[in-house]
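Presented below is the structure to which this report refers.
None of the figures in this text is laboratory data; all of them are computed from the coordinates on show. Since the model is a prediction, treat every value here as computed from it, not as a measurement. Cβ: placed from backbone, ideal geometry, glycine included. Neighbour counts: every protein chain shown.
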Amino acid sequence: MPQRVTQLAAALAAGLIIWIVSTGIAFPPPASMSGSVASVPATSTTLPEPTRTILPTLTPPPTATGYLEAPSLTQAVIEPVDVPTATPGPIYQPTPDAQVGRRDAVLPILTYHYVEPWPADASPLRQGLTVKPEEFAAQMAYLAEHGYTTISLYDLVDALATGRALPDRAVILTFDDGYAGLFDYAVPVMQGFNQTGTVFVITEFVDQARPEYLSWPELRFMSSLGWRVEPHTKTHLGLEGMSYQRQLYEMLGSIETVEANLGQRPRFFNYPSGSYDDTTLALAPELGLWGGVTTRGGWYHRYADRYEWTRLRITGNTDLLHFIEMVEHGR
Ligand SMILES: [Zn+2]
């Protein structure tokens, strides 16, 4: 009776699955993602996938500004974490003092793109752009456990111009393009470690409410947590070789769109694909920008280089040891 045998086999298989699930015997015990630094070993590769449920109780952005309410998030209280908190950066452009030419800062500005699970059909390019949530969590845990304070580009330009002290171990986390997955996979983890980042948005894609990009309400919410939202042009076309008028459109347009939606003039620019030229560099200060970041590798920063600061790129293939090497040694 082949049919009966098949049915029996199916029934046994179903029973086995139910038994395994009910006993939990085939699965590791669930790890706790409490937000405690000590509970996340730097070498762990089995961190649970972060979800919105690990967000701490958060204060919504002030409604007095007239902006939209923050998106509703599932909220759960997590243990406070004892890591340093960065002080807010300056509101006014810092005036360089007489020592500015002698000052430098050696610190990693890390570049991320997507933080989310690799899509099933991800091309090698997409995989390279995508840091998996568990690897990202391990990287953030490493920074927290090893005394790193996340600062902003505002803090860096202030320190270089005026000599204001930076934390001993400062790091700047930048996220290019403003992908939606950050809201689920980067923000909650970083919030648990008192870390903030800078997200560079392509304003026309946000205006078009493309689902793969963060929305203005989400960006306002991140801003209320201390994140910086900065422009990355309107359409993400390379600026190099473009006419003055078109560069003005891409740069000023995205600056003013961010300002209109966040209520604060953004001061740092990110050139798409690291593509810019002398026209870009002449426009940047005219448009009220205080600095800009490139795709070139490096971690040595000076005030004179502020429109061409270098960064260190974290890819989907950067393992934790390589991450540590980059953060600790700039390579
Ligand atoms: Zn980009």
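The table below gives the values:
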{"item": "Peptides 137-149, 299-311, 203-215 ordered by average Cβ neighbours within 10 Å, highest first", "result": "137-149, 299-311, 203-215"}
{"item": "Cut-off under 5 Å, modelled amide H: who pairs with Thr198 long-range", "result": "Leu173, Thr174, Phe175, Arg228"}
{"item": "Charge sum, other residues only, whose C-beta stays under 14 Å from Val157's C-beta, Lys/Arg counted +1 and Asp/Glu -1", "result": "-1"}
{"item": "Cα-centre dipole for the range 147-270 with unit charges at Cβ (Lys and Arg positive, Asp and Glu negative), debye to 20", "result": "260 debye"}
{"item": "Euclidean distance between Cα centres, the range 244-273 to the range 155-200, Å", "result": "19 Å"}
{"item": "Vicinal HN-Hα couplings computed from phi for the range 200-215 (Karplus, 6.51 cos²θ - 1.76 cosθ + 1.60; Hz; Gly/Pro x)", "result": "9, 9, 9, 5, 5, 5, 5, 4, 7, 6, 5, x, 7, 10, 4, 8"}
